[in-house]
Amino acid sequence: MSENLYPVPESWAKTARVDAAAYERLHAQSLSDPDGFWLEQARRLDWIVPPATAGDWSFDEADFRIRWFADGKLNVAANCLDRHLATRGDQTAILWEPDDPREDPRRITYRELHEQVCRFANVLKAEGVRKGDRVTVYMPMIPEAAVALLACARIGAIHSVVFGGFSPEALAGRIVDCDSRIVITADEGRRGGKRVPLKANVDAAQKHAPVLEKVIVVQATGGGVVMQPGRDLWYHEAAAKVSADCPAEPMGAEDPLFILYTSGSTGKPKGVLHSSGGYLLWAAYTHEVVFDYRPGQVYWCAADIGWVTGHSYIVYGPLANGGITLMFEGVPTWPDAGRMWQVVDRHQVEILYTAPTALRALMKEGDGYVTATSRTSLKLLGSVGEPINPEAWRWYHDVVGEGRCPIVDTWWQTETGGHMITPLPGATALKPGSASMPFFGIEPQLVDGDGALLEGATEGNLVIARSWPGQMRTVWGDHERFFQTYFTTYRGKYFTGDGCRRDGDGYYWITGRVDDVINVSGHRMGTAEVESALVLHDKVAEAAVVGMPHDIKGQGIYAYVTLNAGEEASEALRKELRDWVRGEIGPIATPDALQFAPGLPKTRSGKIMRRILRKIAEGDVSSLGDTSTLADPAVVDDLVANRVG
Ligand code: ATP
Ligand code: MG
């Protein structure tokens, strides 16, 4: 299926930072001489004390350690701000697009951002925040969210961002887990014309998080909030009392920069801890090479700052590179499904980075919203978060990008800090649905269930055989869980939890999480393949596939299908879809049960939570597990009520 090749456009091959030959050479060098390679790359950062050592790591239990540039000292905020002041102080750093298109965008220059960050850092200091303290950030998508992160980085405090869509309970759990006595929030957030009561949520969270002592409130909407004397302070009042001068704290490269909880698709979220030096290098280097970023280009990563994508590719990567980062407060579907393309036109966006879940939601509304806009500024498109179905890929490529823009389908994880397997626009011929090739320094391997290395064109469990600078350093407060989760399944290797196929050209195809692999009569099948086949059908907007117990086959296939706007569910369509999958993949892939679902259970970051679908398919609806990270718990009730079989 969909193995057609999209060659590198000639203009890209000529002008991009890395062409096919350079990719081969640099990748080989990054593996044969990692120390030389990474010490050279480290020079792209501004060090207070330049490192003399690169990687110092072992994935073995006896001397388990992960360290990069350990003798170097730097400050992350200074790298993102101070060093740009002389050359591009008056250039836009953050370009902010409000939720409501009738309002004006905001442009914040590097000089202004620097001043705001220094002030915010001084407010934190005045509140007793010291190097190593944890600061929870529960903010809407406003520039002050980025300011808050950089302020923490400036004084060496460890930020822990909690997505602004999470409930008070989810917030409380994360505050308690990392023992954070201070929260930065806003009065309210805005998304799609609706208000989100952030400050009130913090108040509610405190009941379950007694450790919380201080709440700094940024005035975003002016909506009324109740301030608790002694605990709460308005940011604008505190900022007026402090100086705009705040020296950047010299930090060891291995000092923590932030904690971020994973999205919880597979279970209880883990507090992923990232370093200062290695992480920043990874974010900056991948941002520059994968997006072929050039200073002056308007670059838009449409993620939320609450996810790692927002950390690495809205804040740290682009700002370390002196870029213009567009920050969008709103949602892709409000006021209408053309919003993203209108933003592209309004700001002449050249690079757009978004998620398959958003693309599928927009694709379902038809091409009209896209074609009503110009999009001539677009040069490069990116995808992240899930395997992108070839159907959605082609729509992105042909309709959104009018066939002109390469797509970088970036596979990575909260744990990896940044891109791991991805095309480079000037180097990699594209195959829709394949994340393609490893980035520099990355050595992916496929292993079978016993850990035996699989060579050539094959399918197996995706592991990474060596450390890279952006790798997470621990699970906050539980180093043992870190080792157990990632390094014991396959000794001496980092286990990603994902299944993967490698084709004859050496391209990697993520097939979904290993836990989701279905075994039908002895045939192992990735969920992504069956889902892509379903989505290929004209009437299908989205599909999720899980295994269910089956007397004869061992496991059967249970498919949940969301139809396009205006399509009616019927028995005839059910049969048609089952036949369709049979025709696309083969009889073995025919869904045994197919349920029409108006919505699918998704995490707040838009990922389908298959473990819940699996329970429903199994008929085990009493123990659905941790559903606290679900975007819309009501979806589950409908699925349970309409389960088939
Ligand atoms: P948890 O680890 O708590 O279950 P999560 O894995 O959803 O949550 P993230 O770190 O946000 O948390 O997601 C990483 C996962 O997303 C990857 O392991 C992979 O399964 C999927 N993924 C991300 N990008 C891609 C991509 N381009 N192609 C295929 N899969 C992707
Ligand atoms: Mg994960």
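No disulfide-compatible partner, judged by a Cβ distance under 4.7 Å, exists for the following cysteines of the chain: 80, 152, 178, 301, 405, 500. The listed peptides 199-210, 75-86, ordered by packing as a protection proxy, come out as 75-86, 199-210 (highest mean of other Cβ atoms within 10 Å first). Fully extending the segment from residue 478 to residue 244 would add 80.5 nm, taking 0.36 nm per residue of separation and subtracting the current Cα-Cα distance. Over the C-alpha atoms of the chain, the Rg to Rh ratio, Rh being the Kirkwood estimate, stands at 0.95. When the charge dipole of segment 588-645 is built from unit charges on Cβ atoms (+1 for Lys and Arg, -1 for Asp and Glu) and taken about the Cα centre, the candidate among 589, 619, 606 whose Cα reaches farthest toward its positive end is 606. The sum of -39500 (n - 2.57) across all DSSP H runs of n ≥ 4, divided by the residue count of the chain, sets its helix-only mean residue ellipticity at 222 nm to -8000 deg cm²/dmol.
Each of 263, 434 was scored by other Cβ atoms within 10 Å of its Cβ. Listed from fewest to most, they are 263, 434. Taking θ as phi - 60° and the Karplus parameters 6.51, -1.76 and 1.60, the scalar couplings of segment 496-509 work out to 7, x, 9, x, 7, 10, 10, 8, x, 8, x, 7, 9, 10 Hz in sequence order, x denoting glycine and proline. Grab the beta carbon distance between residue 227 and residue 634, set R0 = 51 Å, and tell me the FRET efficiency rounded to 0.05. That pair, residue 227 with residue 634, gives E of 0.95. Karplus-based coupling profile of segment 335-345, in residue order and whole Hz: x, 8, 6, x, 3, 5, 6, 5, 5, 4, 5, with θ = phi - 60° in 6.51 cos²θ - 1.76 cosθ + 1.60 and x standing for Gly or Pro.
Bridgeable aspartates and glutamates around residue 379 (alpha carbons under 19 Å apart, same-chain partners fewer than 8 residues away excluded): 10, 19, 288, 292, 345, 350, 398, 402, 409. Between residue 348 and residue 176, the simple spin-label model (points 7 angstrom out along Cα→Cβ) gives 5.2 nm.
Put simply, the amide H of residue 413, placed in the peptide plane, has neighbours under 5 Å in 418, leaving out anything fewer than 5 places away on its chain.
In this label model, residue 575 and residue 644 are separated by 1.3 nm, measuring between points 7 Å along each Cα→Cβ vector. Between segment 473-491 and segment 113-149, the alpha-carbon centres lie 30 Å apart.
Sticking with the crude label model, points 7 Å out along Cα→Cβ, report the distance from residue 452 to residue 4 in nm, one decimal please. It is 3.9 nm.
Summarising the amide proton neighbourhood of residue 602: residues at separation of 5 or more, or on other chains, whose placed amide H is nearer than 5 Å comprise 609, 631, 632. Charges were assigned to the Cβ only: +1 to each Lys and Arg, -1 to each Asp and Glu. The resulting dipole of segment 521-642 about its Cα centre is roughly 400 debye.
In terms of surrounding Cβ atoms within a 10 Å radius of their Cβ, 576, 584, 568, 391 rank from fewest to most as 568, 576, 584, 391. Note on 109, 562, 185: ascending count of other Cβ atoms within 10 Å places them as 109, 562, 185, the fewest first. By the rule of a C-alpha distance below 25 Å, with chain neighbours fewer than 8 residues away ignored, the lysines paired with residue 553 are 575, 615.
Taking the centroid of alpha carbons for each part, segment 531-579 and segment 599-617 are 15 Å apart. The aspartates and glutamates within cross-link reach of residue 214, meaning a Cα-to-Cα straight distance under 19 Å and a gap of 8 or more places when in the same chain, are 127, 133, 144, 169, 177, 179, 187, 188, 203, 232, 237. Quick one: grab the alpha carbon gyration tensor of segment 521-642, order the square roots of its eigenvalues as a ≥ b ≥ c, and give me rounded if a/c is under 1.5, else prolate or oblate depending on whether a/b is larger than b/c. Since a/c reaches 1.5 but b/c is at least a/b, the shape of segment 521-642 is classed as oblate.
Please name which of 416, 314, 218 has its Cα lying farthest along the dipole of the chain towards the positive end, using unit charges on Cβ (Lys, Arg +1; Asp, Glu -1) and the Cα centre as origin. Farthest towards the positive end: 218.
Using the Cβ-Cβ distance between residue 48 and residue 268 with R0 set to 51 Å, the FRET efficiency works out to roughly 0.85. Reported to the nearest whole Å, the Cα centre-to-centre distance from segment 26-65 to segment 344-414 is 34. Compared with the dominant Cα axis of the chain, that is its longest principal axis, helix 110-126 is turned about 80°.
Bear in mind these aren't lab numbers, they're just calculated from the coordinates by the rules spelled out. Keep in mind that this is a model prediction, so the values were computed, not measured. Here the Cβ is made from the backbone with ideal geometry for all residues, glycine too, and neighbour counts use every protein chain on show.
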